[in-house]
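Report on one structure; see the data block that follows.
The values are calculated or read from the model by the stated rules, or taken from the named source; none is laboratory data. What you see is a predicted model, and the numbers here were worked out from it, not measured in a lab. Quick reminder, even Gly has a Cβ in these numbers, built from the backbone with ideal geometry, and neighbours come from all protein chains shown. To get the accessible areas, we keep the full protein, side chains included, count just its heavy atoms, and leave off ligands, DNA and RNA. Shrake-Rupley method; radii C 1.70, N 1.55, O 1.52, S 1.80 Å.
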Amino acid sequence: MGEDTDTRKINHSFLRDHSYVTEADIISTVEFNHTGELLATGDKGGRVVIFQREPESKHAPHGQGEYDVYSTFQSHEPEFDYLKSLEIEEKINKIKWLPQQNAAHSLLSTNDKTIKLWKITERDKRPEGYNLKDEEGKLKDLSTVTSLQVPVLKPMDLMVEVSPRRVFANGHTYHINSISVNSDCETYMSADDLRINLWHLAITDRSFNIVDIKPANMEDLTEVITASEFHPHHCNLFVYSSSKGSLRLCDMRAAALCDKHSKLFEEPEDPSNRSFFSEIISSVSDVKFSHSGRYMLTRDYLTVKVWDLNMEARPIETYQVHDYLRSKLCSLYENDCIFDKFECAWNGSDSVIMTGAYNNFFRMFDRNTKRDVTLEASRESSKPRAVLKPRRVCVGGKRRRDDISVDSLDFTKKILHTAWHPAENIIAIAATNNLYIFQDKVNSDMH
């Protein structure tokens, strides 16, 4: 496929707005809120950074779409489990925004063991003119108070306050890999390697175990849970993926413990492709329902697949992310890259899908035109407001001028975490400790 010509419509207009650098720590999760006005990132240092989209101004018509730091706070601290003699690192595994109910925003953040609910509020006025307090807040001598006045609210510089509302602890024996807020806006679930728990947002001291795949004898363990998500519209349905490449759709109306799935989505293995690495590369690292709720998107090591909820036998679409690595699996196994967990994302209309790769590359696939493109998120290759150029990886034979050889790919530069604005063509790409935000300024062909 001639990517430079065939993919112009899908890619060429994503402009880079900013690259925000977190000096010390690697970004471990990226998430837009439901309107796309806020973007949260979590890092390995346990910090959450929230970016806010700037409103468009008459003086700077291109200003809209740029995200500036709104608030930064320490979500998790390193802990030590004395019973098991294990360190619990502060790394933020996942962030999920709650649907906004009032002027405040709320989000859930989790490390390996503890989930926290945070409330983000704004304050731009302060009361002045108290009767019993002076300007510094100290109590006045009552004998000096001769008249009463009504306190008034005076404008002040905007203050963003982040406060912890709930701490959901002691629910997981193993490491939490995903959290998902239910469409009922009252409950959420958290998944670790072997169990999935259902929590009520108002109750911290108990959760309900809805999936438990732990065998009586751990030597019989053949697979682990890798990701899970609630259906966007039906509060009783959720899906979880496994390290064996299967998806299980569960219905909470059927039973309290959803060990018996309603549907099993699994692609039969091609015997001709069987190798030592087959099981490792078939492990599903991420699963996402489409906004419509009709499809599921999954990512394994080499491919992204689209599944129809009404067809269990095989995916309806399979896209090769970096098939040129199939011959490199041995060295990728030796340097542990084969265990990297790449995420995937839908655009707002479910027509384009996005996922990360190595060498700071990320891939986009247009489901309607079947065109695909490879783009690069790096400070060296893109200047602010510059148009991103398609990249091509060359396996052998003739090389074009801008092609990059598969042997010169940098496997330390990997894009694991990506997010797509829920309504517009704005994407957030986490490349190690840099956050890149790209925006489609020219057209909206993806919609």
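Can you name every residue in region 331-349 that is out of contact with any Leu (no Cβ under 9 Å at 6 or more places or on another chain) and either of a type in the set (Val, Ile, Thr) or free of Cβ contacts under 8 Å to residues at least 12 places away in the same chain (or both)?
Passing the criteria: Ser331, Glu334, Asp336.
Out of everything in region 405-431 that is assigned to a loop (DSSP other than H, G, I, E, B) and closer than 12 Å to Ala357 by Cα, what residue ends up being least open to solvent (accessible area, probe 1.4 Å)?
The residue in question is Ile415.
With in contact with a helix residue (DSSP H, G or I) (Cβ under 9 Å, 6 or more places away or on another chain), more than 25 Å from Ser275 (Cα to Cα) and loosely packed, with under 14 Cβ neighbours inside 10 Å as the only criterion, which of Asp372, Asp366, Asp402 stands out?
The unique qualifying residue is Asp402.
Give region 229-249 a look and list any residue that's in a loop (DSSP other than H, G, I, E, B) and not basic (Lys, Arg), or say none.
His231, Pro232, His233, His234, Cys235, Asn236, Ser243, Gly245, Ser246
Between Phe208, Phe238, which is among the aromatic types (Phe, Trp, Tyr) and open to solvent by 20 Å² or more (accessible area, probe 1.4 Å)?
Unique residue meeting the criteria: Phe208.
Only residues that are in contact with a Leu (Cβ under 9 Å, 6 or more places away or on another chain) and farther than 17 Å from Met189 by Cβ: list them for region 93-105, please.
His105
Just to be sure before I move on: is Val160 over 22 Å from Pro99 (Cα atoms), modelled with pLDDT under 95 and β-branched (Val, Ile, Thr) in the structure I sent?
No; evaluated as a whole, the condition is false for this residue.
Taking the stated definitions as given, is Leu201 hydrophobic (A, V, I, L, M, F, W, C), under 21 Å from Val48 (Cα atoms) and crowded, with 17+ Cβ neighbours inside 10 Å?
When the stated conditions are applied, Leu201 passes them.
Check region 61-70 and report whether any residue there is in contact with a Gly (Cβ under 6 Å, 6 or more places away or on another chain), closer than 27 Å to Gln100 by Cβ and at pLDDT 50 or above.
Within region 61-70 (the criterion being in contact with a Gly (Cβ under 6 Å, 6 or more places away or on another chain), closer than 27 Å to Gln100 by Cβ and at pLDDT 50 or above), the answer is no, since none of the residues qualifies.
Among the residues of region 186-205, count how many are in a loop (DSSP other than H, G, I, E, B) and at pLDDT 95 or above.
Summing the residues that are in a loop (DSSP other than H, G, I, E, B) and at pLDDT 95 or above in region 186-205 gives 8.
If you go through region 92-102, how many residues are under 13 Å from Ser75 (Cβ atoms) and either of a type in the set (S, T, N, Q) or at pLDDT below 95 (or both)?
Matching residues across region 92-102 total 1.
Restricting attention to region 133-154, which residues are open to solvent by 90 Å² or more (accessible area, probe 1.4 Å), in a loop (DSSP other than H, G, I, E, B) and of a type outside the set (D, E, K, R)?
Result: Thr146, Leu148, Gln149, Val150.
Quick one: which of Ser382, Ser444 is at pLDDT below 75, surrounded by fewer than 22 Cβ atoms within 10 Å (Cβ to Cβ), of a type in the set (Gly, Ala, Ser) and touching a Leu at 6+ places or on another chain (Cβ under 8 Å)?
Criteria check complete, one pass: Ser382.
Can you name the residue in region 82-107 that is in a loop (DSSP other than H, G, I, E, B) and among the acidic types (Asp, Glu) and, of all such residues, is surrounded by the most Cβ atoms within 10 Å (Cβ to Cβ)?
Of everything passing the filter in region 82-107, Glu90 is surrounded by the most Cβ atoms within 10 Å (Cβ to Cβ).
Which residues, counting only those in region 250-294, are hydrophobic (A, V, I, L, M, F, W, C) and either open to solvent by less than 50 Å² (accessible area, probe 1.4 Å) or not in a loop (DSSP other than H, G, I, E, B) (or both)?
Cys250, Met252, Ala255, Cys258, Leu264, Phe265, Phe277, Ile280, Ile281, Val284, Val287, Phe289
Take the residues of region 25-39 that are out of contact with any Lys or Arg (no Cβ under 9 Å at 6 or more places or on another chain) and either assigned to a strand (DSSP E or B) or among the small types (Gly, Ala, Ser) (or both): which is nearest to Thr110 (Cα to Cα)?
Val30
Filter region 202-251 down to the residues that are among the charged types (D, E, K, R) and in contact (Cβ under 8 Å) with a residue 24 or more places away in the chain, then identify the one that is farthest from Ser262 (Cα to Cα).
Going through the qualifying residues, I end up with Lys244.
With the condition kept exactly as written, say whether any residue in region 61-70 is in a strand (DSSP E or B), open to solvent by 80 Å² or more (accessible area, probe 1.4 Å), in contact with a strand residue (DSSP E or B) (Cβ under 9 Å, 6 or more places away or on another chain) and of a type outside the set (A, V, I, L, M).
No: region 61-70 contains no residue that is in a strand (DSSP E or B), open to solvent by 80 Å² or more (accessible area, probe 1.4 Å), in contact with a strand residue (DSSP E or B) (Cβ under 9 Å, 6 or more places away or on another chain) and of a type outside the set (A, V, I, L, M).
Hey, can you tell me all the residues within region 155-170 that are small (Gly, Ala, Ser) and not in a loop (DSSP other than H, G, I, E, B)?
Ser163
Consider region 326-344. How many of its residues are under 20 Å from Leu375 (Cα atoms) and open to solvent by less than 10 Å² (accessible area, probe 1.4 Å)?
Of the residues in that region, 2 qualify.
Filter region 140-157 down to residues that are among the hydrophobic types (A, V, I, L, M, F, W, C) and in contact with a Leu (Cβ under 8 Å, 6 or more places away or on another chain) and give me whichever is modelled with the highest pLDDT.
Result: Leu142.
Residue by residue, here is whether (1) under 21 Å from the mean Cα position of the chain (by Cα); (2) among the aliphatic types (A, V, I, L, M); (3) under 23 Å from His200 (Cβ atoms) holds:
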{"site": "Trp97", "(1), (2), (3)": "yes, no, yes"}
{"site": "Lys113", "(1), (2), (3)": "yes, no, yes"}
{"site": "Lys116", "(1), (2), (3)": "yes, no, yes"}
{"site": "Lys140", "(1), (2), (3)": "no, no, no"}
{"site": "Val152", "(1), (2), (3)": "no, yes, no"}
{"site": "Met159", "(1), (2), (3)": "no, yes, no"}
{"site": "Arg166", "(1), (2), (3)": "no, no, yes"}
